[in-house]
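Quick notes on the structure that follows.
The values are calculated or read from the model by the stated rules, or taken from the named source; none is laboratory data. Since we're looking at a predicted model, the values are computed, not measured. Positions of Cβ are backbone-derived with ideal geometry, glycine not excepted, and every protein chain shown enters the neighbour counts.
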Amino acid sequence: MVEHSAGMHGRLQPEPPDPDRMSKPSNKTANPHRQTVSAARLAEAVERARNIFAERNLRFTELREQVFSEIAATNGSIGAYDILDRLSDKGTRLAPISVYRSIDALLDAGVIHRLESKNAYFACRRHEHGKQGRPIFLSCERCGSVTEAEAQGVFDLINEVARGQGFEAKVKFVEVSGICAQCAGGPPRGGAS
């Protein structure tokens, strides 16, 4: 729920978003192979997101599309304030709450995921999670790229161990950090997408 307060001239102004949810722009030098995806891949991702929204009778508004495009344009994860900065650089000035509302809609539709460890977001690159099992998120510590890999067995094992302790697990995600094949100089392994 968003609270409002009266600002100048009596207009309602949104309260600032929860600082625990916000990610500040990083000053790190980005790795070039993580920076952007091809225009064709981005267009495909946007079209797929548009179709998912339509299938679920949701509105894929212009702002949601802009936010999704910024997220999908990178091979890694991106924070909300980085999205704000990119949109601002393109002439679209927004309040953080507007970006967060779009992010929430994109998360709910399943077209993006949240990388909890970095409080950042990345585009879903697997589009049939229900049929293929749940993925784990592989995050490269060097270049920042994020990959999804099928790993239903990991979730099954977590549930089995938890049940053995009389505990009901509510695992939504599993993140693994390490070094990707490109940064390590080796070939990618099968099963990742």
Report task. State all residues of the range 90-103 that are under 12 Å from residue 63 (Cα atoms) and out of contact with any strand residue (DSSP E or B) (no Cβ under 9 Å at 6 or more places or on another chain); if no residue qualifies, say none. Result -> 92, 93, 94, 99, 100, 101, 102
Requested in this report: Residue by residue through the range 149-168, note down the ones that are at pLDDT 90 or above and not in a helix (DSSP H, G or I).
Outcome: 165, 166, 167, 168
